[in-house]
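Data first, discussion second: the structure below is written as structure tokens.
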Amino acid sequence: MTALGYNFGYLDENTKRMIRRAILKAVAIPGHQVPFGAREMPLPYGWGTGGIAVTASIIGTADTLKVIDQGADDTTNAVSIRRFFAKVTGVATTERTGEASIIQTRHRIPETPLRQGQILVYQVPMPEPLFRLEPRLAETRRMHALADYGLMHVKLYEDIARHGHVAISYGYPVLVGGRYLMSPSPIPAFDNPKMDRMPALQLFGAGREKRIYAVPPYTSVRSLDFEDHPFVPVRADAACALCQSRESYLDEVVVDDQGGRMFVCSDTDYCGTRQSHREAAE
Amino acid sequence: MTAADPSPGLTPGFAAPVPAAQSCFRALLEAMSRPGLIQTLTALPEAPAPLAPAAAAAILTLADADTPVWTDAGPAAEAWLRFHAGCPLVADPAAASFLLATASPPDLALPDAGTEEEPHRSATLVLQVAALEAGAGWTLSGPGIETTHRLHAAGLPAGFAAAWAANAARFPRGVDLVLCAGDSLAALPRTTRLEETR
């Protein structure tokens with residue numbers, strides 16, 4: 001049962017149509033940022049309004065929605081957005097990656113590989129990968145038009161000259177379809193390889209910056225690097241304290257004031273599933 | 001129908017506009033992200049001839065007062081579009097956001113292809129073809145396609161493949177295509193490469 005007085009999915013039909021047109025053009029031009037009109041939402045910019053606008057425009061009664069925040073299903077942002085959609089659409093929600101048809105995410109890609117037919121919706125704070133290097137949007141638009149990404153290569157080179165490696169741990173810039181430089185949103189660089197030729201459709205919504213972009217399934221997504229300094233995804237050198245995984249991305253948790261700490265999986269569904277499998281096996 | 005009805009003979013649009021537009025959009029999104037795969041629409045409007053139900057559904061899902069539409073479908077279809085989609089109809093193909101072609105498709109070089117900085121401002125062509133058939137005809141490759149897709153669209157003019165190659169060559173500018181037959185559709189975004197196989 002959906003909340004009375006609201007249209008299905010909260011947004012009005014005119015807004016959905018405008019966003020749907022933007023999404024289709026975004027899919028047709030992989031990695032290109034398409035402007036859209038970001039409407040007022042019952043939560044402020046910076047809390048995932050872009051992702052919510054995209055999800056609201058694509059979701060239907062047959063969908064099952066999963067929402068994660070830094071990999072976790074049970075944090076405030078994830079719980080609020082999941083409840084919001086349960087209220088304004090009445091769709092089924094899940095915490096299982098495999099059961100979801102739409103996964104809205106903030107800053108992670110699930111560990112469980114996504115399959116064909118699923119849609120991953122990213123919440124994006126800053127869609128422009130060049131904004132720290134070139135603050136003028138008119139200029140970055142021209143650089144995208146000319147595929148002039150020398151500035152970013154210089155930044156990577158300077159990182160290597162100063163630190164010996166590329167010092168970008170999240171939001172590591174990628175080249176989509178060999179043409180457009182794209183911000184993968186602030187996902188850890190560890191997650192970048194998952195975007196390459198992913199069978200699921202990836203949609204990106206930036207509410208405050210009013211941009212939508214997309215990566216169609218099976219599209220090449222290459223993290224920028226140099227032949228002699230290839231891209232290396234970084235992961236804490238430890239096993240998850242709860243499920244012993246050595247493959248997943250880990251959060252470092254401070255457990256006391258004596259310098260004690262432990263590493264746990266950032267993806268709660270992946271970690272929980274592994275723990276229950278271990279218990280079942282014992 | 002009463003005598004005061006301003007548009008006698010006007011057939012209905014979507015029976016349930018909100019869920020129908022959503023399901024039709026998801027079919028379009030799937031078609032655009034998996035180029036050449038045929039999608040079958042479940043919720044269809046009662047469009048007047050010569051509009052194919054899928055083409056009418058696509059326009060009804062995407063067009064509104066903000067998007068000028070060019071069509072060759074004749075006065076009954078124009079009245080239907082004006083009433084149900086509320087879209088302005090234009091005579092110049094270059095001024096349209098959507099082109100709905102029921103007979104021979106317009107020259108692919110005519111519609112707005114966007115600019116290098118704003119390639120998303122390009123037009124989308126909705127072309128009605130005689131039939132769509134999977135597993136035959138063209139071999140498609142590009143983003144959205146794991147290895148290759150096959151699609152046969154019957155009734156396109158000779159030289160279409162060459163015109164499509166010219167459209168792809170101006171990437172990121174270019175027009176996107178939705179091919180419709182009956183209640184099914186398939187899409188060719190500008191990134192899709194097309195090879196004729198015999």
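Every number here is computed from the coordinates shown, using simple stated rules; none is lab data. Model, not experiment: these values are computed from the prediction. No Cβ is skipped: glycine too gets one built from the backbone with ideal geometry, and neighbour counts run over all protein chains shown.
Take the alpha carbon atoms of region A:54-148, find their radius of gyration, then divide it by 2.2 N^0.38 Å using N residues; give the quotient.
1.31
If you plug the beta carbon distance of A:Asp74 and A:Asp196 into 1/(1 + (r/R0)^6) with R0 = 25 Å, you get a FRET efficiency near 0.30.
Taking the Cα centre of the protein assembly as shown as origin, work out the dipole magnitude from +1 charges on Lys and Arg Cβ and -1 charges on Asp and Glu Cβ, in debye rounded to 20.
260 debye
Here the spin labels are modelled as points 7 Å beyond Cα on the Cα-Cβ line, and at B:Ala95 and B:Ala49 they lie 3.1 nm apart.
Couplings for region A:265-281, taken from phi via the Karplus curve 6.51 cos²θ - 1.76 cosθ + 1.60 with θ = phi - 60°, read 4, 6, 8, 5, 5, 4, 5, x, 4, 5, 5, 5, 5, 5, 5, 5, 6 Hz in order; Gly and Pro are left as x.
Given a Förster distance of 35 angstrom, what is the FRET efficiency for B:Arg193 paired with B:Ala103, based on the Cβ-Cβ distance and rounded to 0.05? Before the final figure, lay out each step's value.
On the way: r = 27 Å, r/R0 = 0.77.
The pair B:Arg193/B:Ala103 has a calculated efficiency of 0.85.
Along each principal axis, taking the top coordinate minus the bottom one, the Cα set of region A:235-282 gives 35, 21, 16 Å in descending order. Diffusion of chain B by Stokes-Einstein, at 10 °C in a medium of 1.306 mPa s and with Rh set to the Kirkwood radius over alpha-carbon pairs, works out to 93 µm²/s.
The magnitude of the dipole of region A:88-235, with charges of +1 and -1 set on the Cβ of Lys/Arg and Asp/Glu and taken from the Cα centre, is near 400 debye. On a 0 to 90 degree scale, rounded to 10, what angle separates helix B:160-169 from the longest Cα axis of chain B? For helix B:160-169, the angle is close to 80 degrees. Where the convex hull is taken over the Cα atoms of region B:90-135, what is its projected area averaged over directions, in nm²? Hull-based average projected area comes out at 4.3 nm².
Using Cβ point charges alone (K and R +1, D and E -1), the dipole size of region B:50-198 about the Cα centre works out to roughly 280 debye. How far, in degrees from 0 to 90, does helix B:53-62 lean away from the longest principal axis of the Cα atoms of chain B, to the nearest 10? Helix B:53-62 and the main axis of chain B meet at about 90 degrees. Backbone N atoms of region A:186-201 closer than 20 Å to the 7 Å Cα→Cβ label point of A:Glu247 belong to residues A:188-200.
Which value results for Rg/Rh of region A:197-272 when Rg is the Cα radius of gyration and Rh the Kirkwood radius based on the inverse mean 1/r? Could you put the intermediate results ahead of the total?
On the way: Rg = 17.5 Å, Rh = 15.9 Å.
With Rg and the Kirkwood Rh in hand, the quotient comes to 1.10.
May I ask for the angle, rounded to the nearest 10°, between helix B:17-33 and the longest principal axis of chain B, with both axes built from Cα atoms and the value confined to 0 to 90°? Orientation of helix B:17-33: about 10 degrees from the principal axis.
Could you work out how much longer the chain between A:Ile168 and A:Asn14 gets when fully extended? Use 0.36 nm per residue separation minus the Cα distance between them, nm to one decimal. Before the final figure, lay out each step's value.
Details: separation 154, 0.36 × 154 = 55.44 nm, distance 3.96 nm.
Result for the pair: 51.5 nm of gain on full extension.
The ellipsoid that matches the Cα gyration tensor of chain A has semi-axes, each √(5λ) in whole angstrom, of 29, 28, 16, with the longest given first.
Greater than 27 Å separation of Cα atoms is the criterion. Which listed pairs, A:Lys25/A:Lys194; A:Lys25/A:Lys87; A:Lys25/A:Lys155; A:Lys66/A:Lys155; A:Lys16/A:Lys155, meet it?
Working: A:Lys25/A:Lys194 23 Å; A:Lys25/A:Lys87 29 Å; A:Lys25/A:Lys155 30 Å; A:Lys66/A:Lys155 36 Å; A:Lys16/A:Lys155 38 Å.
Beyond 27 Å between Cα atoms: A:Lys25/A:Lys87; A:Lys25/A:Lys155; A:Lys66/A:Lys155; A:Lys16/A:Lys155.
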